[in-house]
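The values are calculated or read from the model by the stated rules, or taken from the named source; none is laboratory data. Bear in mind that the values here come from a model prediction, so they are computed numbers and not experimental data. Note: ideal-geometry Cβ built from the backbone for every residue, glycine included; neighbour counts use all protein chains shown. When the accessible area is computed, the model is the full protein with side chains, heavy atoms only, and any ligands, DNA or RNA have been set aside. Shrake-Rupley method; radii C 1.70, N 1.55, O 1.52, S 1.80 Å.
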Amino acid sequence: MKIILKTGIITLLTFATFILSTTNVNAQTKSETDKTYIKIEVDGLSCPFCAYGLEKKLKQAGSKDVLIQLEEGEATMSVPKDQQPTEEKLRKIVKDAGFTPKEITFSTTPFKMKKDEK
């Protein structure tokens with residue numbers, strides 16, 4: 001009787017672990033597909049202070065994960081799909097921050113960072 005009880009408990013715990021891990025993966029995948037990834041090429045970035053100013057402005061567009069790469073002159077960010085700013089709005093934000101926006105790219109997948117492409 002004790003062996004059957006132990007086997008049942010182990011089976012139940014294994015099943016519960018499987019269900020919880022599958023649920024977590026599905027939630028993460030759904031979260032990633034509900035985002036729009038944006039890359040903005042920017043002229044005029046020359047120092048960390050400049051980058052910080054642009055980062056603050058871009059966060060006002062609804063992103064919490066703005067990344068500025070000074071050497072590449074790029075800003076990348078993600079926003080929820082239902083809060084995606086227009087290209088015109090992004091150009092205005094960059095101009096108002098004192099920089100010149102170049103190419104703006106929207107994607108459904110995250111961008112690779114230049115340093116990661118070695």
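Determine if region 77-99 includes at least one residue that is more than 16 Å from Thr33 (Cα to Cα), touching an Asp or Glu at 6+ places or on another chain (Cβ under 8 Å) and surrounded by 14 or more Cβ atoms within 10 Å (Cβ to Cβ). Yes, region 77-99 has at least one match.
Name the single residue, out of those in region 41-61 being open to solvent by less than 30 Å² (accessible area, probe 1.4 Å) and within 14 Å of the chain's Cα centre (by Cα), that is modelled with the lowest pLDDT. The qualifying residue modelled with the lowest pLDDT is Ala61.
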